[in-house]
1. From the list 51, 75, pick out the single residue that is in contact (Cβ under 8 Å) with a residue 40 or more places away in the chain and more than 29 Å from residue 354 (Cα to Cα).
2. In this structure, is residue 86 within 32 Å of the chain's Cα centre (by Cα) and over 30 Å from residue 167 (Cβ atoms)?
3. Do the conditions hold for residue 334, that is, is it in a helix (DSSP H, G or I), at pLDDT below 80 and touching a helix residue (DSSP H, G or I) at 6+ places or on another chain (Cβ under 6 Å)?
4. Quick one: is residue 182 modelled with pLDDT under 85 and either assigned by TED's automatic domain parsing to the domain that holds residue 218 or under 21 Å from residue 102 (Cα atoms) (or both)?
5. Kindly evaluate residue 106 against the criterion of being within 31 Å of the chain's Cα centre (by Cα) and surrounded by 14 or more Cβ atoms within 10 Å (Cβ to Cβ).
6. Within the range 383-395, count every residue that is surrounded by fewer than 18 Cβ atoms within 10 Å (Cβ to Cβ) and either at pLDDT 90 or above or outside any helix (DSSP H, G or I) (or both).
7. Do you know which of the residues in the range 150-191 that are under 21 Å from residue 135 (Cα atoms) and touching a residue at least 60 places away in the same chain (Cβ under 8 Å) is surrounded by the fewest Cβ atoms within 10 Å (Cβ to Cβ)?
8. For the range 109-133, give me the residue count where each residue is within 26 Å of the chain's Cα centre (by Cα) and part of a strand (DSSP E or B).
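The values are calculated or read from the model by the stated rules, or taken from the named source; none is laboratory data. Treat the numbers as computed from the prediction; the structure is a model and nothing was measured. Cβ coordinates were reconstructed from backbone atoms using ideal geometry, including for glycine residues, and neighbour counts include every protein chain displayed.
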């Protein structure tokens, strides 16, 4: 039998003073609260980052390949749809799909109002899974390969502002080479991504409608949107794709296109780091205090053990094992509370958010096993290492005085 473990079991089985018992329990509960707060913090932030990045990439792709030059109006310059690099890029293992797009600013006009808007012409099947999830009324653009679809998909923000609904026709005006080009599509659906930078500016139309405004054919576009398997190593993947492009083209990543959003999301990591540091400090301080109180409470027993020949190392190990037991009980309780509340929010959505401010309608929660293990391992390791400090007090206890200690 391990003598240190046996003594530790005796230490934790019965504590003589009620005040000591309360302090030890408070320390264990503080560890539980700290773990719960850390798990909730990292889960909520990861959830925010995951959901918002999915929205941004779902609408615009992970990369956009465009011409280096802009015309005088700031529009993307046209280039041929058929490109030699496409086959090579599509063979990259991390490239999921490449879609040609054709964008042009225009004016959306109703009977009473008019406002500027960015029209993105997309091919059949573009963003089918994402846009179907974001459509709040109606349906997506028609899927016809042979004929031009005279439909438009507008955001809920635009629909509410201009008092529009599905089934209505709207007028679109474009300026091309000094001439006004007019189109009158029908609203087939209304979407809501929750990201104001997208919903306030963009509408989706059939790519052939925009191509015909620029030219008489369908051979020119002003961008390729590249969808990757994930956002991992985005800078390296963007560089690799850039290496395959013509000198007149460039691949721009989504974090550059939506710089403010991604910058805000990156700042959340700093908040999580601060919370984790503070909660670990709280757990450490409480556990150190509890262990020191437990040592003082067991001073007579320490003196007796020393008088019987027990070494300081044996006694320190016993108290460290005892502290580890209370620490583990706090970790288990904290995981139950933190993960329980997090998954309850994930499935039930009890806490709501203002979507226009936070881009989401409810607080998200997303955590991986690696994140949970990292939080638990960090807290347990730091606390256990620093518990050595109060355990060192054992060496200062003299057997004669300790046995008389009351």
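1. Numbers: 51 fails: more than 29 Å from residue 354 (Cα to Cα).
Of 51, 75, the one residue that is in contact (Cβ under 8 Å) with a residue 40 or more places away in the chain and more than 29 Å from residue 354 (Cα to Cα) is 75.
2. Numbers: within 32 Å of the chain's Cα centre (by Cα): yes; over 30 Å from residue 167 (Cβ atoms): yes.
Against the criterion (within 32 Å of the chain's Cα centre (by Cα) and over 30 Å from residue 167 (Cβ atoms)), residue 86 qualifies.
3. Numbers: in a helix (DSSP H, G or I): yes; at pLDDT below 80: no; touching a helix residue (DSSP H, G or I) at 6+ places or on another chain (Cβ under 6 Å): yes.
The answer is no for residue 334.
4. Numbers: modelled with pLDDT under 85: no; either assigned by TED's automatic domain parsing to the domain that holds residue 218 or under 21 Å from residue 102 (Cα atoms) (or both): yes.
The answer is no for residue 182.
5. Numbers: within 31 Å of the chain's Cα centre (by Cα): no; surrounded by 14 or more Cβ atoms within 10 Å (Cβ to Cβ): yes.
Criteria not met by residue 106.
6. Total meeting the criteria: 0.
7. First, the residues of the range 150-191 that are under 21 Å from residue 135 (Cα atoms): 150-170, 185-191.
Still in the running and touching a residue at least 60 places away in the same chain (Cβ under 8 Å): 170, 191.
Numbers: 170: 19, 191: 27.
Out of the qualifying residues, it is 170.
8. In the first step, residues of the range 109-133 are kept if they are within 26 Å of the chain's Cα centre (by Cα); the result is 126-133.
From what is left, the residues that are part of a strand (DSSP E or B) are none.
Selection size over the range 109-133: 0.
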